[in-house]
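One structure is given below, encoded as structure tokens.
The values are calculated or read from the model by the stated rules, or taken from the named source; none is laboratory data. What you see is a predicted model, and the numbers here were worked out from it, not measured in a lab. Every residue, glycine as well, gets a Cβ built from its backbone with ideal geometry; the counts of neighbours run over all protein chains shown. Note: accessible area is taken over every heavy atom of the protein model, side chains too, but ligands, DNA and RNA are not part of it. Shrake-Rupley method; radii C 1.70, N 1.55, O 1.52, S 1.80 Å.
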Amino acid sequence: MPGAGGGGPGGSGVGKHRAAQLVKAPHANAEARIAAMFEQAFGRAPQGVEMQDWSAALHDFAMPAITSPMNDEAAWAQLAHTIFNTKEFIYYR
């Protein structure tokens, strides 16, 4: 993931690229997609209330005009960008 564009691990180019891949991938629902993101970013599944927190963040980032956040590439890009900027990602990678 680093080096895919946008100035370091938190670069917007990386988030956009990752979001485009995620929207095309066959996930049953947003929680499954978030779990896949966690596995790739942190090497683990979301723990405790993390899934609730990240699901809430996705819905906050989603555009009201798009009926399903599953198809909202901008929301997924923002979520990926946010994950890339967590201390856990920075130190894990």
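Values for this structure:
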| quantity | calculated |
| --- | --- |
| Filtered residues of the range 39-58 (kept if in a helix (DSSP H, G or I), of a type in the set (A, V, I, L, M, F, W, C) and either surrounded by fewer than 12 Cβ atoms within 10 Å (Cβ to Cβ) or modelled with pLDDT of 90 or more (or both)) | M51, W54, A56, A57, L58 |
| All positions within the range 73-92 that are modelled with pLDDT under 85 and part of a helix (DSSP H, G or I) | F84, K87, E88, F89, I90, Y91, Y92 |
| Close pairs (8 angstrom Cβ cut-off, 6 or more residues apart or separate chains): within 13 Å of K24 (Cβ to Cβ) in the range 64-81, surrounded by fewer than 12 Cβ atoms within 10 Å (Cβ to Cβ) and aliphatic (A, V, I, L, M) anywhere | none |
| Every residue from the range 73-87 that is surrounded by 12 or more Cβ atoms within 10 Å (Cβ to Cβ) and of a type outside the set (A, V, I, L, M) | E73, W76, Q78, H81, T82, F84, N85, T86 |
| Residue count for the range 59-72, restricted to those that are assigned to a loop (DSSP other than H, G, I, E, B), open to solvent by 70 Å² or more (accessible area, probe 1.4 Å) and modelled with pLDDT of 90 or more | 0 |
| Test result for H27, in contact with a Lys or Arg (Cβ under 7 Å, 6 or more places away or on another chain), within 14 Å of W76 (Cβ to Cβ), at pLDDT 70 or above and open to solvent by 40 Å² or more (accessible area, probe 1.4 Å) | yes |
| Every residue from the range 46-93 that is under 18 Å from A36 (Cα atoms) and either touching a His at 6+ places or on another chain (Cβ under 9 Å) or among the aromatic types (F, W, Y) (or both) | W54, P69, M70, A75, W76, A77, A80, F84, F89, Y92 |
